[in-house]
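What follows is a single structure, written as structure tokens, with notes after it.
The values are calculated or read from the model by the stated rules, or taken from the named source; none is laboratory data. Bear in mind the structure is a predicted one, so any value in this text is a computation, not a measurement. Every residue, glycine as well, gets a Cβ built from its backbone with ideal geometry; the counts of neighbours run over all protein chains shown.
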2 protein chains.
Amino acid sequence: MSQHFTIDARDGSARAGVLRTAHGDVRTPAFVPLASTATVKSLQADEVAALGYEMVLGNSFHLFIQPGHEQVERMGGLHEFMGWRGAIITDSGGFQVFSMGHGSVAEEVKRRAPERREASHGGVVAIDEEGVRFRSYLDGGERFMGPETSMEIQAALGSDVALAFDECTPFHVSRDYTARSTERTHRWLDRCIAWHEQGAPEWQLFFGIVQGGVYEDLRRESAERVTRAAIDGVAIGGSLGQDKDEMRAVVDLTTPLLPDEMPRHLLGVGDVDDLVHGVGAGIDMFDCATPTRLARHGTALVADPEARWRLDLVKAVHADSREPIAEGCPCPACTRHTRGYIHYLVRARELTAVRLLTMHNLTFMALLMRRLRAAVEAGEYAKTAKRLLEAGPYDT
Amino acid sequence: MSQHFTIDARDGSARAGVLRTAHGDVRTPAFVPLASTATVKSLQADEVAALGYEMVLGNSFHLFIQPGHEQVERMGGLHEFMGWRGAIITDSGGFQVFSMGHGSVAEEVKRRAPERREASHGGVVAIDEEGVRFRSYLDGGERFMGPETSMEIQAALGSDVALAFDECTPFHVSRDYTARSTERTHRWLDRCIAWHEQGAPEWQLFFGIVQGGVYEDLRRESAERVTRAAIDGVAIGGSLGQDKDEMRAVVDLTTPLLPDEMPRHLLGVGDVDDLVHGVGAGIDMFDCATPTRLARHGTALVADPEARWRLDLVKAVHADSREPIAEGCPCPACTRHTRGYIHYLVRARELTAVRLLTMHNLTFMALLMRRLRAAVEAGEYAKTAKRLLEAGPYDT
């Protein structure tokens, strides 16, 4: 189990390591940009590599719907299909199929077991022990996804790391619902592992997912159950609470429960301060839509804790600014263009705005993670992390 | 007049030359990509330069509406604003303001003089000797553009080449309407020149526009009138007919009427075969939305005369193709990606599709023009042009 992951340095709970995959090494701690639909939106694959990223995240749900995992397999697998030479981790699709249900019918979820829910909103037709039946957002056709489906999709995609198919509960469900959901996710874990052992490409690593919502005993139970299984790494998933404090509490209580030698992935977390906290708590990998989604909505990541590290370029105050988004940032948005120009491009809904801000935000994240890694190696994590939060990740 | 343009080689009517501007030399024959809204859509300015382009075209109408020419001026002029180090030619806005009227109320145009047209469709409120009153597509506010407005906008933008403000008639208007419109365009030319001599930056060149529709005598009259004026170059504008044959007939009859030493720009023409014909007829510069617009609609330029040099990647036939769009093409779409992947990206409406196809189409155009220029220099234009149309512009 430890061949594929080595820890090179430690500072308190923080670790700097290397995840070895069939498509190259991934230095950790690492932020993994989303290529959910086989593209980091607006960028070419080689540009993502040039920014220093060694792994991206593909999404089983989206690629199942379009173009279909068999199609990706016919095209030589996801690496070949999207022209990405580095490592790929694939999300199981669980989050997306359950979001369709939980997102829009939250009130129902609280009162009824999902087994008895009628199909209505959000595309979910039925959820039972087998898996989830839902309607495709593309053509309305009915589809099914269960643990075996997810593993089959991830095998066809040929990712370097497959994730277990789990139910991702929203933050407001009851302890009782969370307990039952966590137990089912554990049964699904066994089915995932059974399929993976028979059907996955021999290079594909498999990560289990610890559930349990915000409940300490459930997290503890889930961590024990999941890390006992035949897994190559572990992700922290499920509900992480309704705010940053709850999320951090879940991370702080869960990481000590995980085997030290296993790579640890925190699902869907990507705010600057949360990364700094997560690395400090011993997380090795993160993925999140935020940096690239913010870019598509005109927001740049900057060293401004009071503004939650966000600069909203839609605002009129930037119209006359001939300053770059960030002094010292090596990205094309900052070395070649002004805030005023990018403000204009955002307002005019120009594609170039999305591209420039995506380059900027992913540059920010790549440099931040590089600095955090270096800080662990240098044994000065706390001091460096504090400085990075204030001053940003650029050489000055 | 001849200091800013030199002709280095000739082959029949075709010429290879250099237009010297305040922002660098433009080797001709040249295709000028559209940066109508201060961006070549989906590309960074330095990427356009890296493709080999030395000039782009900004649009006075669009930049007048958003962000406003005063705003661009406050930001240091259009070059500085968009981060483009090369030359810029600005369209006068005439085509756009008149398109709003002519495009949607074509029937009216045929029967009534524009002076008497009521405001209704397309945003045009009134057209008279002074200029055009219209409603902004952005906020519905009333705006005015006349010859002096256009020159003022172009001066504020600080382009290297300003174009005269003209009425661009659609192909279906009568000879009588065309004659009156051409005469007014000539009167507007004098007003443009008067403004330009007083108000333009000293480096800004000024090109007149020959009108006259498809009528030989009107073209002849207009060519004489326009080229007698104090202009630095001449563009062929107005209606170029309803098909390629009419357009080429207009080009063939007009170019011999133009002073040999003046740079000649053919407005809005950019099909592969039309460029080959135009260069052969003695045109030095072209601009056209087609290569970049096709890219945004999923179409790649390829060496296929029977398909009008177009490959529609929306078509399902490309889904399984692991071939590049074009063998030998050095663009990132072709060196790193397959037709099948790009087909998928186009179908999924991914921004990366627009970017890859824009890179491809502008690479195709840049190489084509480079080859045509080399062919003129080598004195083998006819032979090379024929080969390029069949085999494409790549090294093989």
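For the stretch A:19-64, the tally of residues that are without any contact (Cβ under 8 Å) to a residue 24 or more places away in the chain and either of a type in the set (Asp, Glu) or away from every other protein chain (no Cβ under 13 Å) (or both) stands at 1.
This table checks each residue for (1) in contact with a helix residue (DSSP H, G or I) (Cβ under 6 Å, 6 or more places away or on another chain); (2) outside the structural domain of B:ARG370 (by TED's automatic domain parsing); (3) aliphatic (A, V, I, L, M).
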residue: B:ALA223; (1), (2), (3): yes, yes, yes
residue: B:ASP232; (1), (2), (3): no, yes, no
residue: B:GLY270; (1), (2), (3): yes, yes, no
residue: B:GLY282; (1), (2), (3): yes, yes, no
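Within the stretch A:232-252, restricting attention to residues that are without any contact (Cβ under 8 Å) to a residue 60 or more places away in the chain and over 17 Å from the mean Cα position of the chain (by Cα), which residue is nearest to A:CYS168 (Cα to Cα)? Residue satisfying both the conditions and the ranking: A:ASP243. Please verify whether B:THR290 is crowded, with 17+ Cβ neighbours inside 10 Å, among the polar types (S, T, N, Q) and in contact (Cβ under 8 Å) with a residue 24 or more places away in the chain, treating the condition exactly as stated. No; evaluated as a whole, the condition is false for this residue. Note on the stretch A:231-267: residues that are within 23 Å of A:SER92 (Cβ to Cβ), of a type outside the set (D, E, K, R), in contact with a Phe, Trp or Tyr (Cβ under 8 Å, 6 or more places away or on another chain) and surrounded by fewer than 21 Cβ atoms within 10 Å (Cβ to Cβ) amount to 2.
Of the residues in the stretch A:330-345, how many are buried (at least 24 other Cβ atoms within 10 Å of the Cβ) and either in a helix (DSSP H, G or I) or away from chain B (no Cβ under 13 Å) (or both)? Counting residues in the stretch A:330-345 that are buried (at least 24 other Cβ atoms within 10 Å of the Cβ) and either in a helix (DSSP H, G or I) or away from chain B (no Cβ under 13 Å) (or both) gives 6. Within the stretch A:318-329, if we keep just the residues that are more than 14 Å from every other protein chain (Cβ to nearest Cβ) and of a type outside the set (D, E, K, R), the residue that is farthest from A:TYR344 (Cα to Cα) turns out to be A:GLY328.
Residues B:LEU351, B:LEU367, B:LEU311, B:LEU372: which one is surrounded by 23 or more Cβ atoms within 10 Å (Cβ to Cβ) and at negative phi?
Selected residue: B:LEU372, the only one of B:LEU351, B:LEU367, B:LEU311, B:LEU372 that is surrounded by 23 or more Cβ atoms within 10 Å (Cβ to Cβ) and at negative phi.
Scanning the stretch A:345-373 for residues that are without any contact (Cβ under 8 Å) to a residue 60 or more places away in the chain and farther than 21 Å from A:LYS41 by Cβ returns a single hit, A:ARG371.
From B:GLY68, B:GLY77, grab the single residue that is within 14 Å of chain A (Cβ to nearest Cβ), in contact with a helix residue (DSSP H, G or I) (Cβ under 7 Å, 6 or more places away or on another chain) and over 29 Å from B:PRO332 (Cα atoms).
Within the list B:GLY68, B:GLY77, the selection yields B:GLY77.
Of all the residues in the stretch A:43-102, those that are over 28 Å from A:VAL210 (Cα atoms) and touching a Leu at 6+ places or on another chain (Cβ under 6 Å) number 3.
Scanning the stretch A:346-355 for residues that are in a helix (DSSP H, G or I), of a type in the set (A, V, I, L, M) and within 7 Å of chain B (Cβ to nearest Cβ) returns A:LEU351, A:VAL354. If I filter the stretch B:281-290 for residues that are of a type in the set (Gly, Ala, Ser), under 19 Å from B:VAL40 (Cβ atoms) and at pLDDT 95 or above, do I get at least one hit? Checked against the condition, which is being of a type in the set (Gly, Ala, Ser), under 19 Å from B:VAL40 (Cβ atoms) and at pLDDT 95 or above, the stretch B:281-290 yields at least one hit. For B:ARG387, the stated conditions hold: it is part of a helix (DSSP H, G or I), out of contact with any helix residue (DSSP H, G or I) (no Cβ under 8 Å at 6 or more places or on another chain) and away from chain A (no Cβ under 14 Å).
Yes/no per residue for (1) within 19 Å of A:GLY238 (Cα to Cα); (2) in contact with a Leu (Cβ under 7 Å, 6 or more places away or on another chain); (3) surrounded by fewer than 24 Cβ atoms within 10 Å (Cβ to Cβ):
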site: A:PRO170; (1), (2), (3): yes, no, yes
site: A:ALA179; (1), (2), (3): yes, yes, yes
site: A:ARG184; (1), (2), (3): yes, no, yes
site: A:LEU189; (1), (2), (3): yes, no, no
site: A:GLU197; (1), (2), (3): no, no, yes
site: A:TRP203; (1), (2), (3): no, no, yes
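Of the candidates B:ARG293, B:ARG310, the single residue that is within 14 Å of another protein chain (Cβ to nearest Cβ) and not polar (S, T, N, Q) is B:ARG293. Beta carbons closer than 8 Å, at least 6 apart along the sequence or on distinct chains, pair a first residue in the stretch A:81-92 that is more than 10 Å from every other protein chain (Cβ to nearest Cβ) and buried (at least 24 other Cβ atoms within 10 Å of the Cβ) with a second that is part of a loop (DSSP other than H, G, I, E, B) and at pLDDT below 95 for A:SER92/A:ASP166. Residues of the stretch B:47-68 that are within 21 Å of B:ALA366 (Cβ to Cβ), part of a helix (DSSP H, G or I) and under 18 Å from the mean Cα position of the chain (by Cα): B:VAL48, B:ALA49. Here the stretch B:69-78 is the region considered, the condition is being touching a residue at least 12 places away in the same chain (Cβ under 8 Å) and not in a loop (DSSP other than H, G, I, E, B), and the residue that is surrounded by the most Cβ atoms within 10 Å (Cβ to Cβ) is B:VAL72. Checked against (1) modelled with pLDDT under 95; (2) buried (at least 18 other Cβ atoms within 10 Å of the Cβ); (3) of a type outside the set (A, V, I, L, M, F, W, C), A:THR396 passes all but condition (2).
Checked against the criterion of being touching a strand residue (DSSP E or B) at 6+ places or on another chain (Cβ under 6 Å) and either surrounded by fewer than 19 Cβ atoms within 10 Å (Cβ to Cβ) or modelled with pLDDT of 65 or more (or both), the candidates A:SER120, A:SER104 yield just one match: A:SER104.
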